[in-house]
1. Residues that are closer than 15 Å to I65 by Cβ and touching a residue at least 60 places away in the same chain (Cβ under 8 Å): which strands (runs of 3 or more DSSP E) entirely in segment 78-118 hold 2 or more of them?
2. Please specify each residue of segment 56-67 satisfying the condition of being in a loop (DSSP other than H, G, I, E, B) and farther than 10 Å from I106 by Cα.
3. Take the residues of segment 32-44 that are within 13 Å of the ligand (Cβ to nearest atom) and assigned to a strand (DSSP E or B): which is farthest from T114 (Cα to Cα)?
4. Can you pull out the residues in segment 50-64 that are farther than 16 Å from Y96 by Cα, away from the ligand (no atom under 12 Å from the Cβ) and not hydroxyl-bearing (S, T, Y)?
5. If you check D115 against the conditions, is it more than 14 Å from the ligand (Cβ to nearest atom), more than 14 Å from the chain's Cα centre (by Cα) and at pLDDT 95 or above?
6. Whether any residue in segment 70-80 is aliphatic (A, V, I, L, M), modelled with pLDDT of 95 or more and buried (at least 20 other Cβ atoms within 10 Å of the Cβ) is what I want to check.
7. Determine, yes or no, whether R53 is of a type in the set (D, E, K, R), touching a residue at least 40 places away in the same chain (Cβ under 8 Å), under 20 Å from V29 (Cβ atoms) and assigned to a strand (DSSP E or B).
Amino acid sequence: MKMRVRLVTTLGLLGALLIGGAAQAGGDVVEIEMVNNRFQPDELEVSVGTTVRWVNVERRSNHDIYFPDEEIASGRLFPEESWERTFDEEGTYEYYCQPHHNRGMIGVIRVVATDEDN
Ligand SMILES: [Cu+2]
């Protein structure tokens, strides 16, 4: 897992793309797409240390990511823009898109301990 972290750091986008397909374990990068006014997937479980990257793949709409409990906000993301957050602590992180909250654009990240910690 630690090697994967270093790989992402060293190779940047290329590394992230190579690893993306297997990104469920700690230290990886997992992508969530924003499409059709939804987060896909809208529910995600990741290991501690995982970086989640939200990517706006809409043609026109812009979105944001807002964690109300912590008041952490991405700012507006226009098409093809992305934003990342690394989750270093276990927990359930509920979030939503502020402009489309009332239309159900919500999501949740569940961060669980890695096998190495058990
Ligand atoms: Cu939105």
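1. Strands (runs of 3 or more DSSP E) meeting the threshold: 106-112.
2. V57, E58, R59, R60, S61, N62, D64
3. Keep residues of segment 32-44 that are within 13 Å of the ligand (Cβ to nearest atom), which gives 32-40, 42.
Subsequent filtering for residues that are assigned to a strand (DSSP E or B) retains 32-35, 38-40.
Details: I32: 20, E33: 24, M34: 27, V35: 30, R38: 28, F39: 24, Q40: 23 Å.
Among those residues, the one meeting the criterion is V35.
4. From segment 50-64, those farther than 16 Å from Y96 by Cα are 50-51, 57-60; that's our starting set.
Add one more test, that the residue is away from the ligand (no atom under 12 Å from the Cβ), and what stays is 50-51, 57, 59.
Within segment 50-64, V57, R59 meet the criteria.
5. No; evaluated as a whole, the condition is false for this residue.
6. Scanning segment 70-80, I find at least one residue that is aliphatic (A, V, I, L, M), modelled with pLDDT of 95 or more and buried (at least 20 other Cβ atoms within 10 Å of the Cβ), so the answer is yes.
7. No; evaluated as a whole, the condition is false for this residue.
Conditions tested, residue by residue: (1) within 16 Å of the ligand (Cβ to nearest atom); (2) among the charged types (D, E, K, R); (3) touching an Asp or Glu at 6+ places or on another chain (Cβ under 8 Å).
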| site | (1), (2), (3) |
| --- | --- |
| F78 | yes, no, no |
| R85 | no, yes, no |
| T92 | no, no, no |
| R103 | yes, yes, no |
| G107 | yes, no, yes |
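The values are calculated or read from the model by the stated rules, or taken from the named source; none is laboratory data. Small disclaimer: the values here were computed from a predicted structure and weren't measured. Don't worry about glycine lacking a Cβ; one is built from the backbone with ideal geometry, like all the others, and counts go over all protein chains shown.
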